[in-house]
């Protein structure tokens, strides 16, 4: 799909907004056809300088003539933003919301009848084209609308189309997931320091080990349990280390952490709806 003529309005230029912007340009959207908005004029100037995209503090002006409107503000700010832009939206514009916890129905109820809405949960590695996102279509979004959204977001990394009822679980796993991985890398690095390694070397070892392990699973398609067994010689050092992790309940803690994130997502949605 040729995206060079698609006009995109990106409403919200924080960390996630900037990551989606970078991905859209990587996918083939023309910088001249992408307008980013926000309240922080210094941040907007930095984006314009870095990417060559027009910027604005006027959301309503930015959406005029847009074919795709990406809503990337905080969940609590979405309702006011939609009220601001609804009268200036082209009827055929596709609204892509990346606001955590907010359903397509929440967005649809605040827009003109029939407006196409798509919900997406990306993650921060989208900034380097290595993200993992889940996409769900609202009741008015056509297959062609989904195809366009997928094409624009393809530059952020992988995007899976999922039933919207799984969005909270996906967000808790892959949306919040980078933070869990950063937590593990930090813990491994600290463990290396405690074992006598220099801090810089320890962090380098931890980062590269996690990267290599993930790439191995991706490229081989092997189940992680089988890959773990290949590293775990009977009576060896790895088996002993894994025994300590199991005794500490690390696996259960990750399951509980994802469940807690799902619950919090549902709480946020209930508070805002």
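General remarks:
- With contributions of -39500 (n - 2.57) from each DSSP H run of at least four residues, the per-residue ellipticity at 222 nm computed over the chain stands at -15500 deg cm²/dmol.
- Computed over segment 8-166, Kirkwood Rh from alpha-carbon pairs, angstrom: 15.1
- Calculated P(r) tail over 20 Å for segment 142-199, as whole % of Cα pairs: 51
- P(r), alpha carbons of segment 177-269 - 5 Å bins starting at zero, rounded %: 3, 11, 14, 21, 24, 15, 7, 4, 1, 0
- Semi-axes of the equivalent ellipsoid for segment 20-105, computed as √(5λ) from the eigenvalues of its C-alpha gyration tensor and ordered from largest down, come to 20, 15, 14 Å.
- Crossing angle, helix 237-247 versus the chain [Cα axis fit, 0-90 degrees, rounded to tens]: 60
- Alpha-carbon spread of segment 67-138, three principal axes, descending order, Å: 35, 24, 18
- The modelled label-to-label distance for the pair residue 188/residue 40, using points 7 Å beyond Cα in the direction of Cβ, is 3.0 nm.
- Over all orientations, the chain has a Cα convex hull whose mean projected area works out to 16.4 square nanometres.
- Segment 1-66 - Rg over Rh from alpha carbon coordinates, Kirkwood radius: 0.93
- Percentage relative contact order, the chain, counting C-alpha pairs under 8 Å, at least six apart: 16
- Gained length - residue 56 relative to residue 225, 0.36 nm times residue gap less alpha-carbon distance: 55.9 nm
- In the chain, the longest principal axis of the Cα atoms and the axis of helix 41-51 are about 80 degrees apart.
- Against the main long axis of the alpha-carbon atoms of the chain, helix 143-153 sits at an angle near 60°.
FYI, it's all coordinate maths here, none of it is from the lab. Please read all numbers here as calculations on a predicted model, not as lab measurements. Quick reminder, even Gly has a Cβ in these numbers, built from the backbone with ideal geometry, and neighbours come from all protein chains shown.
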